[in-house]
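One structure is given below, encoded as structure tokens.
What follows is calculated from the coordinates using simple rules that are stated; it is not laboratory data. Note that the structure is a prediction, hence the values are computed from the model and not measured. Because the Cβ atoms are built from the backbone with ideal geometry, glycine has one as well, and the counts that use them run over all protein chains shown.
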Amino acid sequence: MTSIVVVGAGPAGCAFAVTAARGGHDVVLLHDDRRGKAWAGEALPAGGGELVTSIFGPGVIESHHIAYGTTAAWGSDDLVTHDFMTHWSGHGWHLDRARFDSDLRACAQRAGVRVVAERLSSLKRSSGHWMINEQVRADLIVDASGRPGAVVGRLGVRSHRFDDQIALVATVADTGGEQVTTIESGATGWWYTAPLPLGKRVVALVTDTDLLNSDRAETFNATLADTIHMKKYIHPDHSNPVTMHPAGTVQRADLYGDGWIAVGDAATSFDPLSSQGLVTGMVMAAHAGRLVGTDLVGTDLAEWDRGYLDALTEHESLRTAMYSAEQRWPEAPFWSRRH
Ligand SMILES: Cc1cc2nc3c(=O)[nH]c(=O)nc-3n(C[C@H](O)[C@H](O)[C@H](O)COP(=O)(O)OP(=O)(O)OC[C@H]3O[C@@H](n4cnc5c(N)ncnc54)[C@H](O)[C@@H]3O)c2cc1C
């Protein structure tokens, strides 16, 4: 039996914890419940619901809202619908992330994982073991802390940033009620809006850090005024808070090492345009969780690592194709950097 501490109880951390615990290992999941930012309004693509059920069991995904598709003004001013209902693997899901994450933690607890409401504050290694927060001893530490990479950062693992993309996110009352994600491109980047639970929706601008002026709400509102579709969801004179989320593509130089492994966004984070983060994070974390106790630092994990590289390679070619489909502002920095 391997003793494991998983740092971060998001979807990837829970997927790792559940599968490792089912394999008979002793798993502690550190859950930092202080969350300051608005949720980004994530959706699972078609097939994502089946994936959640295959890892966590029935009864989790059903409490979320069906996503019927995406409608996008991309390459022209007209909204074009991409309907999930005609996709071979059916519809997607608009997630209530607070509920989703809390249900996944409950699944982990039922699988025998000990969930501890604590942040990683110290990490020491001696005689082949980790000492976490001065009190928990483990053979293996798993970084599932998302983009901050709480463990990989402490271990000095280098990151390769493909861009400096961020998302400016505002949460508004939902007056439209459509169960779709709507996307609109503009000279400074692209916008999306998606429903949130409790009659709210998110409206977000994805752009590059250096294209913001010092007042991010001002950039958000000035850019919003130039949109055709997004300003129907939020008035350009609004005074709702605008939060900033890192949203670039980032790859860690190493995804595992002596007694540690990184999963989810802590390992590789993707452009939100791909809607790939959650599915890849959960699939790869569940896979890694099943490898515990086998050839943990050998060929099995090397093969697993290649899976991430393949996902990133596919992501890069899809991303290039998607951005190349928008040619209306070839000189604008956001677009010329991506063509
Ligand atoms: C604007 C935007 C829109 C997106 N839209 C989509 C979408 O539509 N579909 C999609 O699939 N993906 C989307 N994503 C990506 C998706 O949000 C991530 O891929 C996903 O949340 C990663 O899951 P994770 O479990 O790896 O990390 P997270 O969900 O970030 O979870 C990490 C957890 O670790 C905790 N933590 C952090 N530091 C510590 C610490 N020191 N100690 C203990 N705990 C810690 C955090 O509090 C958090 O609970 C989007 C991302 C952005 C930025």
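What aspartates and glutamates sit close enough to Lys124 to cross-link, taking a C-alpha to C-alpha distance under 20 Å and skipping anything fewer than 8 places away on the same chain? Output for Lys124: Asp26, Asp32, Glu134, Asp139, Asp143, Asp254, Asp258.
Helical runs (DSSP H, four residues minimum) scored at -39500 (n - 2.57) apiece and divided by the length of the chain put the mean residue ellipticity at 222 nm at -9000 deg cm²/dmol. Spin-label model, Arg337 to Ala253: label points 7 Å out along the Cα-to-beta-carbon direction sit 2.3 nm apart. Please state the shape class of segment 113-175: rounded when a/c is under 1.5, otherwise prolate if a/b exceeds b/c and oblate if not, all from the C-alpha gyration tensor. It is oblate, given that a/c is not under 1.5 and a/b is not larger than b/c.
Could you check what % of the DSSP bridge pairs in the chain are antiparallel, to the nearest 5? So the antiparallel bridges in the chain amount to around 70 percent.
Return an integer: the convex hull volume of the alpha-carbon atoms of segment 46-99, in Å³ per residue. Mind showing how you got there, number by number?
On the way: hull volume 5.2 nm³, N = 54.
In segment 46-99, the Cα hull volume divided by residue count equals 95 Å³.
Cross-link partners among lysines for Lys200, C-alpha distance below 28 Å, same-chain residues fewer than 8 apart left out? The reachable lysines, counting only those whose Cα sits under 28 Å from Lys200, are Lys37, Lys231, Lys232. In segment 271-339 the Cα-Cα distances spread across 5 Å bins starting at 0 as 3, 14, 20, 16, 13, 10, 9, 6, 5, 2, 1 percent of all pairs.
What Kirkwood hydrodynamic radius do you get for segment 1-155 when you take the inverse of the mean 1/r over all pairs of distinct Cα atoms, in Å? It would help to have the intermediate numbers written out before the result.
Working: mean 1/r = 0.0580 Å⁻¹.
After inverting the mean inverse Cα-Cα distance, the result is 17.2 Å.
I'd like the projected area of segment 138-212, averaged over all directions, using the convex hull of its alpha carbons. Report it in nm² with one decimal. Display every interim value, and only then the final one.
Details: hull surface 32.4 nm².
Result: 8.1 nm².
Computed over the alpha carbons of segment 135-276, Rg followed by Dmax gives 18.0, 56 Å. Averaging the Cα positions of each part gives two centres, and for segment 138-208 and segment 226-275 these lie 3 Å apart. Is the shape of segment 197-339 best called rounded, prolate or oblate, per the rule: a/c under 1.5 gives rounded, else a/b larger than b/c gives prolate, else oblate, with a ≥ b ≥ c the square roots of the Cα gyration tensor eigenvalues? It is prolate, given that a/c is not under 1.5 and a/b is the larger ratio. With only the Cα atoms considered, the chain has a convex hull volume of 134 Å³ per residue.
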